[in-house]
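Scroll down for the structure; my scribbles are underneath it.
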């Protein structure tokens, strides 16, 4: 009988819910309270990020450029023919070695295009940009930066990051990798752990997505070098880890191309012609657009001197390296801005000597914190409701069709196209492959060929030499220098505009001009 009573008493315990109704209500109230408290403190940061995301999606037509079509064209080549090794798409570089280091990123974008069209491509680009800046903000907060410092630095950084990175291209996919890797290494420099080895698979992934993987390798090597300078831990604890990190650049070859990538990185990083002829590779000069970068560079130098104790050796070295790279090339500004956003807030707190402990306008901040994501979601969703041709309005279908029609009538007709339109033409009309002078792969061109491209844009005499022997010319009259060249070329009786609007001009050459 005792056994039966014992069983009866135990039965209710087996069927009782895990939480009583009051406990569940209390749990939700506590979680809601924590969320409300966070919104009180970080409302402006949330609003700022929402504005940034809305700005990305509301300006999508302007984000589609030559790099976009280059990405989709090469992604299609990989999907249909696997990895390329020699160029077959252009005339100038025909037969030259082509190492498509970005094959995986291009394949991702082309797969999205095949599945969901240009909207899917634009959505992935926006997601990549949002992931990079979002992880950077989260990293800055988790590394000890106050809301105030992170907010001010984000306000300065978002403007430049947007200006330098809105174009739809593979680079957008690695912003999150960069921010996550830097967060991992910075956290390890403050509190070493075995999690630092997660940097190695991140680098392998990066090495197959985009050529900026060398930045990831440089950061990992810097962490290994800074580890050797630490005196808090004995040699036996840090030497093996440091050795592995210092050897990480070998992972840049963890690709189907293997050792062929050595030549690729050499041509990409040590090509002196790029800084002379390619705008993105030119040194950064002080201008209105670059003023926020210079302001943040001065702030970083000042904080590194005044609040050096708040930055580890690794963090100081990272800021220095990224600043030097940004000064050497415009295209590297974005990496310095992301690095500063992640690493500088803690140092900036050393100047403020305080953080926001309580919000002044608690209920206003709560409303903003809840409303901003909702309004952002509505506006972002609305941005994708436009018809597909609205996104590609700067690349009119009629112009591409006209080029394809003329080329179909004359199998020997060759095309000289601005690099903005070259890959677009090949992507929309694959039959034009091998009939276009050059495209966006400027690393395949010689210095003289790059000079011919520049001459075409700025000098009529140079233009005449560059286009000799080409039946069709596809020009970009929206560019001021190219508009002058277009008008000068059309002044000849041997040429006529087969198609022309404010964004593109298709010119046919006849007689002595061809």
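What residue, of 89, 156, is outside the structural domain of residue 307 (by TED's automatic domain parsing) and touching a residue at least 24 places away in the same chain (Cβ under 8 Å)?
The match here is 89.
Condition test on residue 319, is it part of a helix (DSSP H, G or I) and touching a residue at least 60 places away in the same chain (Cβ under 8 Å)?
So residue 319 fails the test.
Can we say residue 181 is within 30 Å of residue 83 (Cα to Cα), at pLDDT 95 or above, under 26 Å from the mean Cα position of the chain (by Cα) and part of a helix (DSSP H, G or I)?
Against the criterion (within 30 Å of residue 83 (Cα to Cα), at pLDDT 95 or above, under 26 Å from the mean Cα position of the chain (by Cα) and part of a helix (DSSP H, G or I)), residue 181 qualifies.
Residues checked against (1) surrounded by fewer than 18 Cβ atoms within 10 Å (Cβ to Cβ); (2) part of a helix (DSSP H, G or I); (3) touching a residue at least 24 places away in the same chain (Cβ under 8 Å); (4) in the same structural domain as residue 480 (by TED's automatic domain parsing):
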position: 371; (1), (2), (3), (4): yes, yes, no, no
position: 376; (1), (2), (3), (4): no, yes, yes, no
position: 379; (1), (2), (3), (4): yes, yes, yes, no
position: 385; (1), (2), (3), (4): yes, no, no, no
position: 389; (1), (2), (3), (4): yes, yes, no, no
position: 406; (1), (2), (3), (4): yes, yes, yes, yes
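Can you tell me which residue in segment 266-288 is farthest from residue 163 (Cα to Cα), limited to those that are without any contact (Cβ under 8 Å) to a residue 24 or more places away in the chain and outside any helix (DSSP H, G or I)?
270
When segment 263-277 is examined, which residues are found to be over 16 Å from residue 203 (Cβ atoms), out of contact with any helix residue (DSSP H, G or I) (no Cβ under 6 Å at 6 or more places or on another chain) and surrounded by 10 or more Cβ atoms within 10 Å (Cβ to Cβ)?
Selection gives 263, 264, 266, 269, 271, 276.
State whether one or more residues within segment 248-255 are more than 24 Å from residue 83 (Cα to Cα), assigned by TED's automatic domain parsing to the domain that holds residue 320 and out of contact with any strand residue (DSSP E or B) (no Cβ under 7 Å at 6 or more places or on another chain).
yes
Please count how many residues of segment 186-198 are surrounded by fewer than 24 Cβ atoms within 10 Å (Cβ to Cβ) and assigned to a helix (DSSP H, G or I).
Qualifying residue count for the region: 9.
Looking only at segment 94-112, decide whether some residue is farther than 17 Å from residue 209 by Cα and surrounded by 17 or more Cβ atoms within 10 Å (Cβ to Cβ).
no
From 416, 427, grab the single residue that is touching a helix residue (DSSP H, G or I) at 6+ places or on another chain (Cβ under 8 Å), under 14 Å from residue 69 (Cβ atoms) and touching a residue at least 24 places away in the same chain (Cβ under 8 Å).
427
Every residue, every condition in (1) in a helix (DSSP H, G or I); (2) out of contact with any helix residue (DSSP H, G or I) (no Cβ under 7 Å at 6 or more places or on another chain); (3) assigned by TED's automatic domain parsing to the domain that holds residue 420, yes or no:
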{"residue": "75", "(1), (2), (3)": "yes, no, no"}
{"residue": "83", "(1), (2), (3)": "no, no, no"}
{"residue": "110", "(1), (2), (3)": "yes, no, no"}
{"residue": "116", "(1), (2), (3)": "yes, yes, no"}
{"residue": "123", "(1), (2), (3)": "yes, yes, no"}
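Among the residues of segment 343-358, are any closer than 18 Å to residue 183 by Cα, at pLDDT 90 or above, assigned by TED's automatic domain parsing to the domain that holds residue 284 and within 19 Å of the chain's Cα centre (by Cα)?
Within segment 343-358, not a single residue is closer than 18 Å to residue 183 by Cα, at pLDDT 90 or above, assigned by TED's automatic domain parsing to the domain that holds residue 284 and within 19 Å of the chain's Cα centre (by Cα).
Residue check: is residue 60 modelled with pLDDT of 90 or more and under 20 Å from residue 424 (Cβ atoms)?
Criteria not met by residue 60.
Which count do you get for residues in segment 199-214 that are part of a helix (DSSP H, G or I) and within 20 Å of the chain's Cα centre (by Cα)?
Count: 9.
The values are calculated or read from the model by the stated rules, or taken from the named source; none is laboratory data. From a predicted model like this one, the values you see are computed outputs, not experimental measurements. Heads up, the Cβs are rebuilt from the backbone with ideal geometry, glycines too, and the neighbour counts pull from every protein chain shown.
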